[in-house]
Protein chains: 2
Amino acid sequence: MPSYKAPLRDMKFVMQDLLGAGEQLGALPFYRDNDTADTDLLNQVLDEAARFVETEVAPLNQVGDREGCVRDEHGNVKTPSGFKAAYQKYCAAGWTALDADPTYGGQGMPHLVSIAVNEMVTGANVAWGMYPGLSHGAYSALHAVGTDELKNLYLPKLVSGEWSGTMCLTEPHAGTDLGIIRTKATDNGDGTYAITGTKIFISAGEHDLTENIVHLVLARLEGSPKGTKGISLFLVPKFIPNADGSVGERNGVVCGSLEHKMGIHGNATAVLNFDGARGWLVGEVNKGMNHMFIMMNAARLGTGLQGLGLGEVAYQNALAYAKDRLQMRHEPRVSGEEADPIIIHPDVRRMLLTGKAYTEAGRALALWLALSLDTEQHHPDEAKRKEAGDLVALLTPIAKAFMTDNGFNVAVQSQQIFGGHGYIAEWGMEQFVRDARIGQIYEGTNGIQALDLLGRKVLMDGGKKLQKLAGTLQEFAEENEGDEHIGEYVNQLGKAAQQLGSLTMVVGQKAMQGPEGADEVNAAAVDYLRYFGHVVYGYLWARMAKVAQDKIDAGQDKDGFYLAKTQVARFYFAKLFPETKALAATIKAGGETLAVDDQAVFGWERALATA
Amino acid sequence: MPSYKAPLRDMKFVMQDLLGAGEQLGALPFYRDNDTADTDLLNQVLDEAARFVETEVAPLNQVGDREGCVRDEHGNVKTPSGFKAAYQKYCAAGWTALDADPTYGGQGMPHLVSIAVNEMVTGANVAWGMYPGLSHGAYSALHAVGTDELKNLYLPKLVSGEWSGTMCLTEPHAGTDLGIIRTKATDNGDGTYAITGTKIFISAGEHDLTENIVHLVLARLEGSPKGTKGISLFLVPKFIPNADGSVGERNGVVCGSLEHKMGIHGNATAVLNFDGARGWLVGEVNKGMNHMFIMMNAARLGTGLQGLGLGEVAYQNALAYAKDRLQMRHEPRVSGEEADPIIIHPDVRRMLLTGKAYTEAGRALALWLALSLDTEQHHPDEAKRKEAGDLVALLTPIAKAFMTDNGFNVAVQSQQIFGGHGYIAEWGMEQFVRDARIGQIYEGTNGIQALDLLGRKVLMDGGKKLQKLAGTLQEFAEENEGDEHIGEYVNQLGKAAQQLGSLTMVVGQKAMQGPEGADEVNAAAVDYLRYFGHVVYGYLWARMAKVAQDKIDAGQDKDGFYLAKTQVARFYFAKLFPETKALAATIKAGGETLAVDDQAVFGWERALATA
């Protein structure tokens, strides 16, 4: 049976050694005033979260996969054994309230710590973690744009975890393309709306963990314009609350079925049928897409964390197996047994180091973004807020796509270390692979993330956000180009960052050439995101290596933790970063080779499609 | 529900247009004499196989996954609904006898056609196809080294499919490392041996398709030397046959349990307990590993075909979905609907073309090897036989590893095209991914294939086999370097082939430097195999493009098939082949960055391991 241990040492390294979180959070009055910026407190919270997650959440991971969720004929859904008890303990211990607004019962802790806790939960049991995860998304959207009346009624329940939340976007014919949704809203004339339609793929859409479920639903108000500009956001509770917050009459939303899927079996993926269900408008009419993006950005970072958490747990278990499994003899021998532990074989080490390198860089990125979110929301200086917000906007698609792609690949390589045993359910590795796969698909496929990055975040503002980040990298490179330890990395990084700029120019120029320009962006986007991801990870690895080397030089490396950082950095630049060489070539190749003859290559007639 | 259509047009293109199979087979007396070299006949066989596979085998793929195999308390195993009926029809139609020796009831058809049929079966239903597939492996080993008595008793039953076969290698503590197996054989003094031990991961190890199962078992004869040099191969039937070929008493081998696994649910993966089971020696004492390799080489090419078949079927279904699914609007619009078919979006085309490019090159490689197998076994000229055998030996690890890695990646990308629907079981895409995953693991993990390629096939003979192939490529490159259509590809290919040579030299020189040399080979092997794979696929794509262009120039491209070949070739060199740039860098980086501090990085004490 697989196990999970929260990577506390590395989390604290990133927070304190790399990001200087103590000082940074200390500059934010909100946390200072709430007494939630203190480093010792943050560390205590992390330690306590680790204890909870390791003992209460991780042991439910395999049972969740095996049992899945079961729907009865009335549309009620039973979660796997132990899920409810663990959820109740989680709420009772206040984890759902961690970074929530104290006005509504939250603890007002920084995102920095809640995102670290989120990584732990998702590494221990991603299917279970999605229940509170989605509630948090609903909380964020409602908190940002809900009326005081809605907020006062719903937020305390979401914060305490008594009620959970969902986001209802997808319809059978409309996934990526939310502009064509058909769920409709009719004004009841009493401040409420009647919501009718079918939503699919609703994670945590129906379950037995909470007494009520708060659906945030995209629908088209009658008379609204076509496309994304005619979509509004509605709150549709499963039970309509009474004014005192108790649960009242059942609303017209029913779980029509659950999907049978590749993984995350412990999370109920529901088809929800809304039949004149009573809903309340959240935010402004026809601004639903904008409001939903508040949830989606959080959800995207949260999805990235799934890649991180699953990569981490897969790596941990592969590492344990590699030390334990004796197979083939290495020269010189390292064991007195008939064979040596497979960790001695270089190719196994390559796979392990790949896991470690991607996971630790991913953690650095996630926590950097978390701290930037804190800064964006709470820094007294507007320029600082904007700068942090721009960074979050730019790097969120990378956090989502690059982290889930790497997480999946790390899970696959970690499974590979187990040989045939990796394919067998009881070892748990194949579940990590199946669970990791969804992160690349939902909350906007990774292809859509790439379009968001290149089209919206980079090109739409003429490259301003990119240039700002490039400036940061440039500064770092200039400071360290002669460094005896990291100079070589900085050199590689500098060249790649420069090339990222020129690749951006090339695609950007093509992008301006009419409709074909959009095709060029579309053709380059996925490779571009991966290239960009390596530049970001390269920057973080170079910085981590520098910080670690300073600790070593100061005689502070008692347990070899910092030595490991410097060696994994070296591995990253030698074995993973060179992927940029291939990506540069494929980006430069452009979209021309994709414009193949439809009929000859795909047996597809455009004429038929347009007929 | 997914569908499968045998890629007949492409198979015939590769056989006739690319490989000139008619002429090549015509030069082999065995096929000439058996009247099995005729192109029209081969085409008829392919057409008939396609019909059978599409209508009888493919429809059982999802039911096989859903139901799996079920073992009762007595150790009997029931295969999924429909598996037995389809198997019986398959045998009755003579498919199990296709390329078998006419002496034992076989049809004496070339490997060229049987391997094409094998691709169809595996694309339609890999779990089902493994039953006859493993029988074929057992047939090959027994045919090669069995006594006449054993051959006369067993081969007709294996050829007719009345009995099936298995290969029993792995034990709980011994997977890759067969030298440490513990299953023992004791001489009964009557020409038989008593076999005792536990074998795991035995595909098709127990089932209800046939009246008898013929296990080929690796075991150590009492008194034999340690390691691989003390292992012999034994035939252990489930029921001991009577002299007339009827089934006699039950032998002492029982299925102890079935594994619950990620995929290939329709194939029974058995734990087999041998308790003094009666066995017969196959081949020579202590030569079991050599004999088993006869099966394993066939099994490795067969496993490569799984990657090919699963890539093909995943691609086919993704293509159909991409034409059908309307999502987002493209400029210019290609549909009168509210959204356009996603096949118009360049990134979707990129994923589709990736599938097509890898699959078609894989098919060319598989059939090239198949024809080389035919030549190796039946060419009258010994030098030709040796040359063909060397090519098969060199390229088999590439066929196994590169084809299964690509097959898995193509399945994953094809699943990605479905968005959220790809994660849902009913669409069938997630099954392709789960089923494809095992090909990278079994029959020697892909890491082991890479060691086989670089260590044994390339370096052990001082690069002679490699040089021979390089000569072929060189010749092709010189002939075509100025070609207006393929000159550019040939140019890229030539540079890469040259670099492959120099990378081989670099690793080869390091390999000779004592124990660390072995580590250098181990460190480079996986990247080396992938680089080599691209050189082979590049060669095949350039050749296919040339053949296709000639057809176009001759006005013979009625349906655009040849145009498609030229365009996919262009895509391959623009978007996939550049991976070699990254691989060259990571190979050159060597093993140094893997030699990290064990304690600091992995928390592993060598001292403890050696204590």
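For the reader, a short list of remarks on this structure follows.
- Exclusive hit being surrounded by fewer than 23 Cβ atoms within 10 Å (Cβ to Cβ) and modelled with pLDDT of 95 or more, set A:His421, A:His345: A:His421
- Test: residue in the stretch A:414-426 that is among the polar types (S, T, N, Q), out of contact with any helix residue (DSSP H, G or I) (no Cβ under 7 Å at 6 or more places or on another chain) and within 11 Å of another protein chain (Cβ to nearest Cβ): no
- Only a single criterion out of (1) farther than 23 Å from A:Ala595 by Cα; (2) away from chain B (no Cβ under 12 Å) is not satisfied by A:His534, namely (2).
- Qualifying residue in the stretch B:399-407 (condition: assigned to a helix (DSSP H, G or I), within 17 Å of A:Val433 (Cα to Cα) and facing another protein chain (nearest Cβ under 8 Å)): no
- Only one entry of A:Ala268, A:Ala322 meets the criterion of being within 14 Å of chain B (Cβ to nearest Cβ), small (Gly, Ala, Ser) and closer than 22 Å to A:Gly407 by Cα, and that entry is A:Ala322.
- Residue check for B:Arg543: over 22 Å from B:Ile587 (Cβ atoms) and at the interface with chain A (Cβ under 9 Å from one of its Cβ atoms): no
- Evaluating B:Met505 against the criteria (1) more than 30 Å from B:Asp17 (Cα to Cα); (2) modelled with pLDDT of 95 or more; (3) within 11 Å of chain A (Cβ to nearest Cβ) leaves one unmet condition, (3).
- Residues of the stretch A:508-522 that turn out to be within 14 Å of chain B (Cβ to nearest Cβ), part of a helix (DSSP H, G or I) and in contact with a helix residue (DSSP H, G or I) (Cβ under 8 Å, 6 or more places away or on another chain), as a count: 9
- From the options B:Gly137, B:Gly129, residue that is assigned to a helix (DSSP H, G or I) and modelled with pLDDT under 95: B:Gly137
- Verdict on B:Gly197 being modelled with pLDDT of 95 or more and not in a strand (DSSP E or B): no
- Residue match in the stretch B:215-228 (condition: under 23 Å from B:His265 (Cα atoms) and without any contact (Cβ under 8 Å) to a residue 40 or more places away in the chain): no
- Some residue of the stretch B:380-397 being more than 7 Å from chain A (Cβ to nearest Cβ), in contact with a Gly (Cβ under 9 Å, 6 or more places away or on another chain) and at negative phi: yes
- Looking at B:Ala361, B:Ala370, just one residue is touching a Pro at 6+ places or on another chain (Cβ under 8 Å) and either on the phi > 0 side of the Ramachandran plot or crowded, with 24+ Cβ neighbours inside 10 Å (or both), and that residue is B:Ala370.
- B:Ser335, sole failed condition from (1) without any contact (Cβ under 8 Å) to a residue 60 or more places away in the chain; (2) hydroxyl-bearing (Ser, Thr, Tyr); (3) within 14 Å of chain A (Cβ to nearest Cβ); (4) in a helix (DSSP H, G or I): (4)
- Within the stretch A:213-231, considering residues that are of a type outside the set (Val, Ile, Thr) and crowded, with 24+ Cβ neighbours inside 10 Å, the one farthest from A:Leu155 (Cα to Cα): A:Ala219
- Selection within the stretch B:91-140: residues that are under 21 Å from the mean Cα position of the chain (by Cα) and hydroxyl-bearing (Ser, Thr, Tyr). The member of this set that is surrounded by the fewest Cβ atoms within 10 Å (Cβ to Cβ) is B:Ser140.
- A single member of B:Arg9, B:Arg66, B:Arg71, B:Arg51 is among the basic types (Lys, Arg), more than 22 Å from the chain's Cα centre (by Cα) and within 26 Å of B:Leu365 (Cα to Cα), and it is B:Arg51.
- Matching residues in the stretch A:413-452 - criterion: being of a type in the set (Phe, Trp, Tyr) and either assigned to a helix (DSSP H, G or I) or over 14 Å from the mean Cα position of the chain (by Cα) (or both): A:Phe418, A:Tyr423, A:Trp427, A:Phe432
Let's see how each residue does on (1) more than 28 Å from B:Gly82 (Cβ to Cβ); (2) not assigned by TED's automatic domain parsing to the domain that holds B:Val433:
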position	(1), (2)
B:Thr228	yes, yes
B:Leu233	yes, yes
B:Val236	yes, yes
B:Gly248	yes, yes
B:Asn251	yes, yes
B:Thr269	no, yes
B:Gly279	yes, yes
B:Ala320	no, no
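So that you can scan it fast, the table gives a plain yes or no per residue for (1) within 23 Å of B:Ala388 (Cβ to Cβ); (2) surrounded by fewer than 24 Cβ atoms within 10 Å (Cβ to Cβ); (3) at pLDDT 95 or above; (4) not small (Gly, Ala, Ser):
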position	(1), (2), (3), (4)
B:Trp427	no, yes, yes, yes
B:Asp435	no, no, yes, yes
B:Ile438	no, no, yes, yes
B:Gln449	yes, no, yes, yes
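The values are calculated or read from the model by the stated rules, or taken from the named source; none is laboratory data. For clarity, every value in this text was computed on a predicted model and none was experimentally measured. Backbone-built Cβ (ideal geometry, glycine too); neighbour counts: all protein chains shown.
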